[in-house]
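The block underneath contains the structure these notes are about, expressed in structure tokens.
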Amino acid sequence: MTVATLSPPIRVAVVVGLVAATGLAAVFFLLGRTAPEAGPVAAPVARPATPTAPKATPTTPKPAPARAAAPAPKSGLPLPVDRALRQRKVVVINVYLPGSAVDALVRAEARAGAAKAGAAYVAIPATSSRLLAPLVAKTGLLPEPAVVIVTRPGTVAATFGVTDRDVVAQAALQAKR
């Protein structure tokens, strides 16, 4: 049986070729992903020109009456959390990403920990900027998923990332004191 040996220049050429092929494959893989096509674009419809009579009195459209913004809760937290604080002294808030398996597990653990400690529980989806903005303004940057323990009058007692029911219950019981 004979074994073929490669000279050093050939070895270098083979290694450079493999690196180049890997890089080229990576470029095609990353750049090959394009947004799906929107479909065929319909041509604009030509309308026949019709003479229009000038209006006797020009009218301006009336602006819609502005809706008064709901007053912000005293606690500075989202409204569901503020309502829960009126019912109980401690609230366990869970910020989660809908559809995430890890977040669903943390959500179940946070709910069980809140029940174990006798605290209120509020889940806030991370996709709701209306609910998330006041919470982030109050707590700062949050991990994903986040479990936040809040006491009256809106004081943040603890913030966790991925956690279990016992840690949540212990933190909620500590916050009650």
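Here are the numbers for the structure shown:
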| quantity | calculated |
| --- | --- |
| Tensor-based shape of the range 76-177 (alpha-carbon gyration tensor, a/c under 1.5 rounded, otherwise prolate or oblate) | oblate |
| DSSP-assigned coil residues among trypsin sites (Lys or Arg not before Pro) in the range 77-110, each with at most 15 further Cβ atoms within 10 Å | K89 |
| Heavy-atom accessible area ranking, 1.4 Å probe, most first, across V136, V12, V122 | V12, V136, V122 |
| Sites L24 and S128, calculated FRET efficiency, Cβ-Cβ separation with R0 45 Å, nearest 0.05 | 0.60 |
| Peptides 108-118, 155-165 ordered by average Cβ neighbours within 10 Å, highest first | 108-118, 155-165 |
| Potential extension, R11-D164 segment - 0.36 nm per residue separation minus Cα distance | 49.7 nm |
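The values are calculated or read from the model by the stated rules, or taken from the named source; none is laboratory data. Just so it is clear, the model here is predicted, and its values are computed rather than measured. FYI the Cβ positions are ideal-geometry reconstructions off the backbone, even for glycines, and counts take in every protein chain you see. Only protein heavy atoms, including side chains, enter the accessible area calculation; ligands, DNA and RNA are left aside. Shrake-Rupley method; radii C 1.70, N 1.55, O 1.52, S 1.80 Å.
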